[in-house]
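A quick write-up on the structure given underneath.
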Amino acid sequence: LQRVIVPKHSNQIRLSACAAVDCCAVLSCFACRWILCVCVCVSLIVPQPPTITHQSPKDYIVDPRENIVIHCEAKGKPHPSFSWTRNGMHLDIDKDPKVLMKPHSGTLVMDIGGGERAEAYEGVYQCSAHNELGTAVSNSIIIRQSRSPLWSKERISPIIAQKGQSLILHCRPPAGLPPPIIFWMDNNFQRLPQSRRVSQALNGDLYFSNVQPEDSRSDYICYARFPHTQTIQQKQPISVRVLDMDSLNDTLADYFNDTDLFSDKPTEERAPVFMVPSESVSSKMVLRGEVLEMECVADGLPTPAVSWVKHNGEIPSGRASFLNFNKTLRITDVSEVDAGEYRCIAKNRHGSAQHTIRVTVNAAPYWISAPRNLVLAPKEMGIITCRAAGHPKPSIRWLVNGLPIEDAPEDPSRSVEGDTLIFSEVQTGSSAVYQCNASNQYGYLLSNAFVNVLAEPPRVLTLPNIVYQVIMNKPALLECVTFGSPVPTITWFKDSRSSMLEGNAYVFHENGTLEIHMSHPSNSGKYTCVARNSLGLSENHVYLEVKEPTRILRPPEYRVVQRNRDVVFECKAKHDPSLVPTMTWLKDDRELPDDERFRVDSDSLTITDVTESDAGRYTCIMNTTLDQDSASAQLTVVGECLCATPSQPGVPTDLELTDQEARSIQLTWIPGDEHNSPIKKFLIQYEDALHQSGVWHNLTEVPGTKTTAHLKLSPYVHYSFRVLALNEVGFSRPSMPSRQYRTSPAAPDENPTEVKGHGTEHNNLVITWKPLTPLQANGPGLQYKVMWRQQDMEKDWTSVSVANVSKFVVSGTPTFVPYEVSVQAVNDYGPGPKPSAVIGYSGEDFPSAAPGDVRVLVLNSTLAEVRWSPVSPESVRGRLQGYKVQISSRHFSLPGSGYIPSAPSFFKVSTFDLDSLMLEWGPPYERNGRLTGYTFKYQTGEETCPFTLGTLTALPANKRDSSFTLHNLPHSTRYKFYISARTQRGAGPTLTEEAVTVLDRALSVTPAFGNISSSVSEDGALISWEYWGPEKHLYVEYIIDNSKNPAYWQKEKVNGSQFHVLKGLKKGLAYKVRVVARGHDDRAVHHSEELLVKVPAMVSPQVDIATQGWFIGLMSAIALLILILLIICFIKRNKGGKYPVKEKEDAHGDPEIQPMKEDDITFGEYSDEDHKPLKGSRTPSSGTVKRDGSDDSLVDYGDSGDTEFNEDGSFIGQYSGRSDRDARHDSSKPLSPVNAMNSFV
């Protein structure tokens, strides 16, 4: 809103001048001191050719009972005179006393009240307005008298129809001007019911697709209403009688003295046939902009249904309507796209019929560019264009002052080129009014445009010293209305004329108005607009005052009140001190009830003795003359007992994004059910699908009374939003996400923070910074421009661009010198803002000199003073942190002796869970001996004022411990803890800390976790859950079930998802698992129920080992190895060569007659399937050969731990396997891998 204040005395002169021509309106009066005038009366001082301002329509139908009034109004300077033509001939008004012309006007009034007939004044009229600068003409106005002729007398015979036949009742009204409106009624002036079976056509006839007995009646009456004369005429009643076939012959025989007039065959059902149009194809022409109506009425039994389609196109849904039970298609505002073939289809169960209507769209002339008035200075040039379209294409004809241009006096400065008039080097006497006539066979257009040649110096028409008042951050419009010929140029100045206003903060409109996009207090002041042309200049001063906005600081809050109690709504606001505020209260967007129980104060509304009718939404509105602000709150009235149990609110729905801007958007939603607890606020979260899909971040919060939020956005983010509601119980579940909104990339808005410079070597400088997040990058291709220069030594910056890092090392620097360092963010869309420089130092080196002149003065047995000379600053080569004094002494002590230790290095108490406290400490800095442990004590006390403590309780603590957790503590209890370290000499100083268990279980909040589950696979244990809380730091914690240390839970952080895989769990064990949400202080805020996860000894399913690939491959390798050994042995045997085993067999003699010991396990060579022993083979002592002994012989070698092969393939060592007894005697040797595995099993 913008307020314009004009001093009264400044306006009086202009107001009195404007009042003479009635062109000024007084819009506002502030305390009768200020008047706002919104007109400029140029016509009083500038000559102007005539202009037609008002005229009657081209086709003017008059009521013969009233006077005929033909309007023609025009303006000009001097004021124009008027004349008329009728049917192309001059109309002499003085000759006809019944015709008058209004004073100062061209309007004609024809008095026909004295018995004159209106037909005598029918014809084509045209008005002309003249002054010394030219002539303007009106359209040709056709005057016709309205006619409502009587219905011709006729006798209508009764109509007898057979049931099921089609029937048409013709109306045929008399031709009137304009055509009458037709409707059918009965004798009681009640409209006859119409339906899909019975309907009225466009020509007024009544169509029956098939008649039924209920159609029988004797008062079908057609009425015609003539709109201009407001008369209604009726046709003679039509009698219709519908007969069934059973009684038709008897009735007609009695009536006509005849028999069997109709056959006994009843009317059969039939397929549709069109009654109108009767032919299969019809054509229709319509003009552009008019209404197209097409109808199809069908005969059929049962009654056909009619539908419409357009061939190779669609029927326009916004402009098309289906009337008369789908029998009429009506299209408004017809354009060329509506041309084409339309098809109506009538269908019933016996078939269908089609009719095609070919629509052609023509067009009377219509303007593309109508001619406009032209004001020129002498010697200037200009053009007037007259462009019109139509079908067929209209022809353009020019007139000057009402005469064809070819018949007008020659003007060397004027030339005609089709639809354009060109003026060059115009002279003062070239002023005239030009008419453009565009016509085709369907109509014409006529427009006047004048050329006014003037030589006028600039004049500022805006009133001086106007004060514009506007609210801060709103646009301001400062007007500078000027007139001059040539057209003056406008320039604006502020406070003084030393500097012209320019820049992006201002918009200079063509009409001279100055617009300030965003008004700030610095924009307040005096503004001057200067108008210049070749004949001079003119200036005007206005003032701008920028006011503080009105804002409600404390809005009313939701109230739940019992009946007959009082309630108060507060509404505190601030406003600009120079504006007068007004506080208004509304109930449900209406005025407050006129009831003394409602008391409105300056910043509150009080309602006493509340009743159920007072419930509703109350809105406070703070108004000033420039702006306003409002806030609302709901009032709920309940009975004496508030018994309803509250629960968390319902899920918000219907998220909608509007007002989409580059850096902001409007989000609206519908809140869910409050569930007996008012909604305190809404939490809005967002997901960035581009950089961090699946992770929701908190964006902002709005009060529970609002359902709209204006969200500030960052560039280059794919946003999705969701809303959570919060009441006393907790948060609702998140809403469904909104549609995705993608912001465009842009240059960075900020640079990296925490920029530092330091050295890690004596000759380098390490520049570090905190990198931007993807949300801060604003676009792709993020890089960092690292810049440095030696302070006070180098003028130019050295720079380098890096990406995906947060530090850069500058090598070859002098030792410990100051550098100016800065880091600027750059992406593909440009650099960020200019960064500020920080001071950093290159690396340090060891001091090059040690302190000298070291002296020690012993003061007593326990105190000595050490003195030395300081080193020079140049030799430090870094920051001087101090001097290290080393003291060497000798003393003797007994083992374990010493002094008491110092206090623990730190001691803190934190909340581990709702009923647990964790104590953590560090060892003392000075142990002064061997630590033997720690002494813990604590006292409890109630949360009362004053705080009182109970008795001390001691806790044990081992010297190796550094933390301790107390479980199952009472709630809402204060604890004071004491800790000290101990040696054999005693306990050292004590540290104390206090803590409070924070919450009683009776006040448990709504669970933030739900549906926690687990599944175990080869990859680990998959833990999944649902989480509805706002905290972002989630951990999965687990511990072995029945662990000896139940307080030491292991935890793994969750990266924004609602599932996590625990890897490294030991097989065959059971684990307790829970999900914990922690706040920024790492305190557990919510945790899920504990879940027992059992990890089986073999997670993978049991399968048949014989089908496993590795087993088949191993067996194949063993079989191949055995085959190779057999081939080698067979070759050696055939060559007759001996190998150690053979020699041993020969030494023992013939194995057939030598007995064997039972505990010898031999490798026997067996014969073929007759089992006859070969020469050189051994048999068991029993003298029998086992059938499957050959299957086990090589296996014995496979099980032997010391069997080897020689180069020639012979065996080395004993041929026989090791016995169990030997194995027992050699148990100290390591087991084979197979035996080791068997021992495990």
> Only one residue in Gly176, Gly115 is modelled with pLDDT under 90 and crowded, with 20+ Cβ neighbours inside 10 Å. Which one?
Replying inline: Gly176
> Does the stretch 1070-1081 contain any residue that is open to solvent by less than 30 Å² (accessible area, probe 1.4 Å) and part of a loop (DSSP other than H, G, I, E, B)?
Replying inline: yes
>> Can you find, within the stretch 816-842, the residue that is most open to solvent (accessible area, probe 1.4 Å) among those that are touching a Pro at 6+ places or on another chain (Cβ under 9 Å) and closer than 30 Å to Arg879 by Cα?
In response: Ile839
>> Which of the numbered conditions does Thr356 fail, given that it passes all the others? Conditions: (1) touching a residue at least 60 places away in the same chain (Cβ under 8 Å); (2) open to solvent by 80 Å² or more (accessible area, probe 1.4 Å).
In response: (2)
> Taking the condition in a helix (DSSP H, G or I) and of a type in the set (Gly, Ala, Ser), does Ser522 pass?
Replying inline: yes
> Looking at the stretch 694-725, which of its residues are surrounded by fewer than 18 Cβ atoms within 10 Å (Cβ to Cβ), within 14 Å of Ile670 (Cα to Cα) and hydroxyl-bearing (Ser, Thr, Tyr)?
Replying inline: Thr707, Thr708
> Name the pairs: first residue in the stretch 89-107 and open to solvent by 100 Å² or more (accessible area, probe 1.4 Å), second residue in a loop (DSSP other than H, G, I, E, B) and of a type in the set (Asp, Glu), Cβ to Cβ under 9 Å, at least 6 apart or on different chains?
Replying inline: Pro97/Asp111; Leu100/Asp111
>> Test of understanding: among Asp853, Asp845, which residue is open to solvent by less than 50 Å² (accessible area, probe 1.4 Å) and either of a type in the set (D, E, K, R) or within 30 Å of Thr773 (Cβ to Cβ) (or both)?
In response: Asp845
>> For the stretch 450-499, give me the residue count where each residue is over 17 Å from Val530 (Cβ atoms), more than 42 Å from the chain's Cα centre (by Cα) and open to solvent by 20 Å² or more (accessible area, probe 1.4 Å).
In response: 1
> For the stretch 314-382, which strands (runs of 3 or more DSSP E) that fit wholly inside it have 3 or more residues that are among the hydrophobic types (A, V, I, L, M, F, W, C)?
Replying inline: 320-323, 340-348, 351-369, 374-376
> Name the pairs: first residue in the stretch 321-334 and over 18 Å from Pro272 (Cα atoms), second residue in a strand (DSSP E or B) and among the basic types (Lys, Arg), Cβ to Cβ under 8 Å, at least 6 apart or on different chains?
Replying inline: Ser321/Arg330; Phe322/Arg330; Leu323/Arg330
> So which of Leu445, Leu399, Leu374, Leu403 is closer than 30 Å to Ser81 by Cβ and open to solvent by 80 Å² or more (accessible area, probe 1.4 Å)?
Replying inline: Leu403
>> Looking at the stretch 726-738, I want the residues that are over 21 Å from Leu667 (Cα atoms) and have a partner that is among the polar types (S, T, N, Q) and open to solvent by 30 Å² or more (accessible area, probe 1.4 Å) with Cβ atoms under 8 Å, at least 6 apart or on another chain. Which pairs are those?
In response: Val729/Ser647; Val729/Gln648; Val729/Thr1006; Gly730/Gln648; Gly730/Thr1006
> Any idea how many residues of the stretch 565-577 are part of a strand (DSSP E or B) and either within 12 Å of Leu626 (Cβ to Cβ) or open to solvent by less than 40 Å² (accessible area, probe 1.4 Å) (or both)?
Replying inline: 3
>> Just the residues that are open to solvent by 30 Å² or more (accessible area, probe 1.4 Å) and not polar (S, T, N, Q), please, taken from the stretch 628-638.
In response: Asp629, Val638
>> Quick check on my filter: what residues within the stretch 325-347 are within 23 Å of Ser199 (Cα to Cα), out of contact with any Asp or Glu (no Cβ under 7 Å at 6 or more places or on another chain) and open to solvent by 20 Å² or more (accessible area, probe 1.4 Å)?
In response: Phe325, Asn326, Thr332, Arg343, Ile345, Lys347
> Restricting attention to the stretch 1003-1055, which residues are within 24 Å of Leu683 (Cα to Cα), in a loop (DSSP other than H, G, I, E, B) and hydroxyl-bearing (Ser, Thr, Tyr)?
Replying inline: Ser1004, Thr1006
>> If I ask for residues that are under 20 Å from Val638 (Cβ atoms), open to solvent by 40 Å² or more (accessible area, probe 1.4 Å) and either in contact (Cβ under 8 Å) with a residue 60 or more places away in the chain or not polar (S, T, N, Q) (or both), which ones from the stretch 595-614 would you list?
In response: Arg597, Asp609, Glu612
>> If a residue must be in contact with an Asp or Glu (Cβ under 8 Å, 6 or more places away or on another chain), open to solvent by 40 Å² or more (accessible area, probe 1.4 Å) and in a strand (DSSP E or B), how many such residues does the stretch 667-693 contain?
In response: 3
>> Checking the structure you have, find out if any residue of the stretch 1078-1092 is farther than 19 Å from Asp915 by Cα and modelled with pLDDT of 80 or more.
In response: yes
> Across the stretch 157-173, what is the total count of residues that are open to solvent by 50 Å² or more (accessible area, probe 1.4 Å) and over 60 Å from the mean Cα position of the chain (by Cα)?
Replying inline: 7
> Only one residue in Thr619, Thr625, Thr528 is among the hydroxyl-bearing types (Ser, Thr, Tyr) and either in a loop (DSSP other than H, G, I, E, B) or open to solvent by 60 Å² or more (accessible area, probe 1.4 Å) (or both). Which one?
Replying inline: Thr625
> Name the residues in the stretch 790-807 that are closer than 20 Å to His762 by Cβ and open to solvent by less than 50 Å² (accessible area, probe 1.4 Å), would you?
Replying inline: Gln790
> Only one of (1) closer than 30 Å to Pro272 by Cα; (2) in contact (Cβ under 8 Å) with a residue 40 or more places away in the chain is not met by Ser157, so which one is it?
Replying inline: (2)
> List pairs: first in the stretch 578-594 and over 15 Å from Ala631 (Cα atoms), second of a type outside the set (Ser, Thr, Tyr) and open to solvent by 40 Å² or more (accessible area, probe 1.4 Å), Cβ under 6 Å, 6+ apart or cross-chain?
Replying inline: Pro581/His575
> Conditions: (1) within 26 Å of Asn778 (Cβ to Cβ); (2) touching a residue at least 24 places away in the same chain (Cβ under 8 Å). Glu701 meets all but one. Number of the miss?
Replying inline: (2)
>> Which residue is farthest from Ser677 (Cα to Cα), if the candidates are limited to the stretch 538-559 and must be open to solvent by 30 Å² or more (accessible area, probe 1.4 Å) and charged (D, E, K, R)?
In response: Glu539
> Mind checking which residues of the stretch 164-206 are part of a loop (DSSP other than H, G, I, E, B), of a type in the set (A, V, I, L, M) and within 25 Å of Ile61 (Cα to Cα)?
Replying inline: Ala175, Leu202
> Ala825 fails exactly one of the following numbered conditions: (1) assigned to a strand (DSSP E or B); (2) touching a Gly at 6+ places or on another chain (Cβ under 9 Å); (3) farther than 25 Å from Leu713 by Cβ. What is the number of that condition?
Replying inline: (3)
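The values are calculated or read from the model by the stated rules, or taken from the named source; none is laboratory data. Note that the structure is a prediction, hence the values are computed from the model and not measured. Don't worry about glycine lacking a Cβ; one is built from the backbone with ideal geometry, like all the others, and counts go over all protein chains shown. Remember, those area values only see protein heavy atoms, side chains included, never the ligands or the DNA or RNA. Shrake-Rupley method; radii C 1.70, N 1.55, O 1.52, S 1.80 Å.
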